[in-house]
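The next block holds one structure in the form of C-alpha cells; read it before the comments.
Derivation of every value follows stated rules applied to the coordinates shown; laboratory data play no part. Bear in mind that the values here come from a model prediction, so they are computed numbers and not experimental data. Note that each Cβ is placed from the backbone with ideal geometry, even for glycine, and that neighbours are counted across all protein chains shown.
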C-alpha cells in the first residue's frame, strides 16, 4: 500500500448509471489529483485540488464531477458516461512544494472503469 | 499538451542486461521525474533530477539530464525480471501539475 487508497478497484457501469470513485490518502498531503490513463496514451490530468480547493480543471466533460470534502478525501462522480470513458482512473496526492521545491506524486492503485 | 515523450515505446531485453530509456520534453523545467508502473497498478516514484543537475544515481538506476537538448535518460543496470513494467518520465515546470509521457514498456526475460 502506498498510503493512497482507491475504491472500487473495478467498476462496470452502463451509460445511464451514476457511480462514484473514491480516493483517500493517509499521508497528510494537501494536494490531490485525478488522472485518466487510457491504453497507449499519456496520462491525462483531470483535476487538481489544493487544500480542498479546485485549482485545475483540464477541460474535463461535465459528466465527470469531482468533490473534495477535505484534504484527505477525493471523489469522482460519474454520470451518463460514454464507452470511450473506459480507462484506469488514478488518484494521486502530494505535499506542498516547501523547501525542496519539488512536487512528487504518490499514486493509488487505480480504479479500472468499463462503460458498456 | 504532452510534455514528455519516451523512447522507445517498448523494449525487450534479457535478464542481466542494461536497459536505457529516453525522454524528450519541450519547455523549461524545474525538475524531471521518473515513475514506474506495474501492470494495472498505480505509478511509483523512482527518482527526481533537478534542472541544475546532470546525473543522479539510486541503486541500479542512473538518470541523466541534458537541459540544452531537453532530454533525459533512465538507465537500469543488471536488469531483473522484476523490473518488467512501464516507465514514465514526468516534467515539473514549477506549476500546479506534472505532465507525463506515454511511457516505455520494458520486458525483462529470464
Practice task
Beyond 24 Å, what share of the Cα-Cα pairs of the protein assembly as shown is found? Please give it as a whole percent.
Solution key: 44 percent
Practice task
Please give the per residue volume of the convex hull enclosing the alpha carbon atoms of chain B, rounded to a whole number of Å³.
Solution key: 94 Å³
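Can you list, largest first and rounded to whole Å, the semi-axes you get for segment A:38-84 by taking the square root of 5 times each eigenvalue of its Cα gyration tensor? Show your work: numbers first, answer last.
Numbers: eigenvalues 86, 37, 18 Å².
Equivalent-ellipsoid dimensions as semi-axes: 21, 14, 9 Å.
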Practice task
Could you rank the peptides B:82-90, B:8-16 by their average count of other C-beta atoms within 10 Å per residue, with the highest value first?
Solution key: B:82-90, B:8-16
Exercise for the section: For chain A, just list the percent of Cα-Cα distances falling in each 10 Å bin from zero outward, please. Expected result: 15, 48, 30, 6, 1
Handout entry: Kirkwood hydrodynamic radius of segment A:1-61, from inverse mean 1/r over distinct Cα pairs, in Å
Key = 13.5 Å
Problem - Packing rank of A:45-51, B:39-45, where each peptide gets the mean count of other beta carbons within 10 Å, highest leading - result: A:45-51, B:39-45
Practice task
Provide Rg over Rh for segment B:23-88; use the alpha carbon set for both Rg and the Kirkwood Rh (inverse mean inverse pair distance).
Solution key: 0.98
Completion exercise
Shielding of B:21-32 by other chains, given as the mean Cβ count within 10 Å, works out to 1
